[in-house]
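Visitor: One structure follows; several queries about it will come next.
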Amino acid sequence: MKPAEDITVTLACNNDCIFCPRTTLEHVKVRTPEELLPRLEAIRRGSRRVVLTGGEVTLIPSAPDLVALCRRLGFREIALITNGRALSDPNLASRLVQAGLTEACVTVYDLRPEVHDGLTRTRGSLEETLKGLENLLDIAARIPLSVRVNTLLCPSSADGIHALIAGLSDQGVRGFLVADAVLSEAFSEPVPHRRVREIASAVASDPDIDADVTWRGFPLCLFRGLDVKAEPQAIDTTIVDDRSLDAYYGEFFSNFEHVQACERCSEPSRCPGVQKRYLESLGAGEIAPIDASATPEAIARDLEGFEPWPDPGRLAVTPTTACQFRCSYCQVVLGRRHAAPGVLDRAVDLLLTSSRRRLELQFFGGEPLLRRAEVMRTMDRGRDLAAASNKRLHFTITTNGLLLDGDLIRFLEGHDAGVLFSLDGPRDVMERCRPPRRKGSLPFPAIERNLEALIRSSVPYFVNIVITPDGAADLPARVRHVADLGAQTVQICYALGPDWTPEARAVFCRGLAACAALEQDLRATGHRFRIQNLGSHAEPVILSTDLLVDVDGILYSDAALFAEKALPGLRDPYRIGSVFDLPSFDDLRGTREGNLEILRRTYPIGDPTRRTVEQHLEMGREVQAALDSIGDAPRGRTRDRNPLLET
């Protein structure tokens with residue numbers, strides 16, 4: 001028995017699409033009304049999402065009641081796959097949404113009536129479909145409703161796919177799925193892979209398309225080197241008996257086969273290969289294997305020399321994506337989105353489900369202190385809940401320091417809290433690297449005054465210095481400036497994203513050695529100064545396995561957010577789930593090996609981002625070697641630690 005989210009409610013339809021695989025779906029449709037509730041309950045036991053599909057679900061007179069039933073069963077996400085024709089009646093569209101529908105996926109093959117209606121074999125179908133889509137978009141403009149468009153690439157629609165995505169994107173559609181047609185006796189007209197790649201490339205490079213476009217069902221190697229999101233051919237259905245399920249899968253995947261080139265590919269278990277009828281018509285000449293460096297053996301080999309990371313029992317939350325600065329090296333997509341109080345509360349609740357007695361909640365951003373009241377409220381609540389659970393919950397605030405005034409410092413002194421204070425060096429460095437969002441001079445004196453007040457307080461802290469390739473030579477001088485301000489603990493970070501050439505990497509590593517010598521000189525004069533990195537084994541940082549909650553409550557492996565500009569497209573593969581759905585914090589943290597595998601699969605050889613991944617992996621290797629050569633004796637450092645967690 002197999003749980004999944006899709007349920008085929010009916011095979012009745014008011015279109016007669018020439019490529020519809022209805023005979024296959026006979027295996028998995030709901031045969032009687034009595035079957036419906038047990039299947040929905042089975043889905044609900046494993047998921048809070050359900051997808052109602054057919055045939056055409058909107059033809060069922062009780063469709064709104066079906067949606068309402070899903071809501072009563074506790075589904076948070078209720079999606080509908082539809083041709084949209086019946087939704088040209090605005091009353092039906094409204095009733096479905098009022099009943100609890102959260103997502104509508106409307107199938108549109110082409111914006112040209114002769115093409116769309118030809119594929120549906122139903123005159124006037126495009127007009128009704130577009131009216132239904134318009135009604136859904138009108139509703140989505142007023143209340144939360146996700147509206148996506150599904151389309152299918154075949155010879156007659158190939159020339160119109162780009163125009164369809166561009167045109168409907170202009171109308172407000174933000175998600176598209178472009179699927180390959182499953183060839184059969186009834187429909188056996190493949191589109192050459194070369195042509196598919198041309199279309200995908202044109203869509204991806206169109207600056208006027210503001211939408212997420214996914215290409216599904218094509219051989220994954222087809223898109224190598226393109227900045228597109230691709231998914232393998234896959235089907236899914238809710239629980240049915242094993243015999244029917246085997247027949248369903250067997251009939252569907254019998255259309256595919258792996259060719260000789262697939263033997264050298266790292267994706268054979270994920271990609272079913274090429275359609276047999278495609279090979280009969282056009283051959284296998286365009287099939288090329290995906291980068292084999294993503295294999296488990298290659299991953300293990302490339303991580304040799306890096307020590308395993310301990311699980312720090314840490315969760316980061318994002319109170320806001322707003323920030324007063326636009327740092328040149330920042331890879332976070334900033335904006336004006338804020339986390340609702342319930343998101344922060346649920347993040348704390350999730351963290352406290354851990355079996356650990358000692359935990360950390362880190363406030364990230366944006367600049368979290370722009371939501372100062374929410375941060376303080378969350379800390380008060382978290383402190384009380386942790387005490388009631390006989391746990392220690394430490395709080396860390398990551399801040400640019402501008403809003404860290406005396407009142408807040410006194411508040412922190414009354415809590416188990418510390419500060420990661422970002423300061424990259426003297427004023428000229430800050431003005432160059434961290435310009436304010438609004439025009440005007442950098443409020444540098446206020447930042448340094450707040451740091452000096454923090455140093456005088458009893459609040460644990462460390463100063464975080466970020467180095468870009470063009471500033472690597474200044475590293476020792478920047479550290480010396482921070483030490484002269486009275487800081488006792490410094491963390492040195494290299495910027496993620498910029499081009500770290502071999503020369504720049506060498507300069508940075510020499511700078512680390514110079515900073516180690518500076519630390520010893522300062523300690524010899526009685527200054528209790530330490531550089532946190534020395535003795536650390538936290539490389540390579542590009543493979544960070546920390547956990548970060550976005551403002552909407554979705555939990556990710558944190559590089560999906562803190563490195564989003566440098567590593568675009570990681571939200572889906574790095575997504576763990578909603579904090580409202582995850583039952584326990586334990587075992588959510590992934591591994592470096594898993595993250596490297598995801599990165600190499602997401603950015604195959606030829607993809608521009610792949611160079612960034614490999615370069616930063618090499619950067620991590622060289623930095624770790626430099627730290628190891630400096631050594632941690634006689635300091636006796638604890639490896640990969642956060643000094644704010646020290647007792």
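Visitor: Can you tell me which residues in the stretch 521-542 are of a type in the set (Gly, Ala, Ser), over 18 Å from Pro310 (Cβ atoms) and part of a loop (DSSP other than H, G, I, E, B)?
Guide: So in the stretch 521-542, the residues of a type in the set (Gly, Ala, Ser) come out as 524, 526, 535-536, 538.
From what's left, over 18 Å from Pro310 (Cβ atoms): 524, 526.
Answer for the stretch 521-542, where residues must be of a type in the set (Gly, Ala, Ser), over 18 Å from Pro310 (Cβ atoms) and part of a loop (DSSP other than H, G, I, E, B): just Gly526.
Visitor: For the stretch 90-138, name all the residues that are under 35 Å from the mean Cα position of the chain (by Cα) and among the β-branched types (Val, Ile, Thr).
Guide: Of everything in the stretch 90-138, those that are under 35 Å from the mean Cα position of the chain (by Cα) and among the β-branched types (Val, Ile, Thr) turn out to be Val97, Thr102, Val106, Thr107, Val108, Thr129.
Visitor: Tell me, yes or no, whether the stretch 479-489 has at least one residue that is among the β-branched types (Val, Ile, Thr) and touching a Leu at 6+ places or on another chain (Cβ under 7 Å).
Guide: Initially, the stretch 479-489 is screened for residues among the β-branched types (Val, Ile, Thr), giving 479, 482, 489.
Subsequent filtering for residues that are touching a Leu at 6+ places or on another chain (Cβ under 7 Å) retains 479, 482.
Yes, the stretch 479-489 contains at least one residue that is among the β-branched types (Val, Ile, Thr) and touching a Leu at 6+ places or on another chain (Cβ under 7 Å).
Visitor: How many residues does the stretch 556-588 contain that are touching a Lys or Arg at 6+ places or on another chain (Cβ under 7 Å) and under 17 Å from Asp227 (Cβ atoms)? So that I can check it myself, show each step before the final result.
Guide: If we filter the stretch 556-588 for residues that are touching a Lys or Arg at 6+ places or on another chain (Cβ under 7 Å), which is where we start, we get 556, 560, 569, 579-581.
Imposing the further condition that a residue be under 17 Å from Asp227 (Cβ atoms) reduces the set to 560, 569.
Matching residues across the stretch 556-588 total 2.
Visitor: Quick one: in the stretch 410-428, of everything that is in contact with a Ser or Thr (Cβ under 6 Å, 6 or more places away or on another chain) and under 28 Å from Ala477 (Cα atoms), which residue is most open to solvent (accessible area, probe 1.4 Å)? Quick ask: steps written out before the conclusion?
Guide: First, the residues of the stretch 410-428 that are in contact with a Ser or Thr (Cβ under 6 Å, 6 or more places away or on another chain): 413, 418, 420.
Add one more test, that the residue is under 28 Å from Ala477 (Cα atoms), and what stays is 418, 420.
Details: Gly418: 0, Leu420: 21 Å².
Here the residue is Leu420.
Visitor: Just need a number here: residues in the stretch 162-176 that are buried (at least 19 other Cβ atoms within 10 Å of the Cβ) and within 16 Å of Lys229 (Cα to Cα). Working first, answer last.
Guide: Initially, the stretch 162-176 is screened for residues buried (at least 19 other Cβ atoms within 10 Å of the Cβ), giving 164-165, 168-169, 173, 176.
Keeping just the survivors that are within 16 Å of Lys229 (Cα to Cα) gives 165, 176.
Here the count works out to 2.
Visitor: Could I ask something else about it? Looking only at the stretch 522-554, which residues are more than 24 Å from Gly511 (Cβ to Cβ), of a type in the set (A, V, I, L, M, F, W, C) and in contact (Cβ under 8 Å) with a residue 40 or more places away in the chain? Before the answer, list the steps.
Guide: Filtering the stretch 522-554 down to residues more than 24 Å from Gly511 (Cβ to Cβ) leaves 526, 545-554.
From what is left, the residues that are of a type in the set (A, V, I, L, M, F, W, C) are 547-549, 551, 554.
Leu547, Leu548, Val549, Val551 - these are the residues of the stretch 522-554 that are more than 24 Å from Gly511 (Cβ to Cβ), of a type in the set (A, V, I, L, M, F, W, C) and in contact (Cβ under 8 Å) with a residue 40 or more places away in the chain.
Visitor: From Gly406, Gly365, grab the single residue that is touching a residue at least 24 places away in the same chain (Cβ under 8 Å), small (Gly, Ala, Ser) and within 19 Å of Leu555 (Cα to Cα). Before you say what the answer is, go through the steps one by one.
Guide: Values: Gly406 fails: within 19 Å of Leu555 (Cα to Cα).
The conditions single out Gly365.
Visitor: Right, here's the next one. If we only count strands (runs of 3 or more DSSP E) wholly inside the stretch 167-272, which ones have 3 or more residues that are at pLDDT 85 or above, of a type in the set (A, V, I, L, M, F, W, C) and closer than 17 Å to Leu153 by Cα?
Guide: Working: elements: 175-180, 212-216, 229-231.
Correct list: 175-180.
Visitor: Could you list, ordered by first residue, the pairs with Cβ atoms under 7 Å in which the first is in the stretch 53-71 and over 13 Å from Leu96 (Cβ atoms) and the second is surrounded by fewer than 23 Cβ atoms within 10 Å (Cβ to Cβ) and among the charged types (D, E, K, R), at least 6 apart or interchain?
Guide: Correct list of pairs: Thr53/Asp6.
The values are calculated or read from the model by the stated rules, or taken from the named source; none is laboratory data. Values in this document were obtained by computation on a predicted structure and should not be read as measured data. FYI the Cβ positions are ideal-geometry reconstructions off the backbone, even for glycines, and counts take in every protein chain you see. Please note that ligands, DNA and RNA were not included when accessible areas were found on the heavy atoms of the full protein model with its side chains. Shrake-Rupley method; radii C 1.70, N 1.55, O 1.52, S 1.80 Å.
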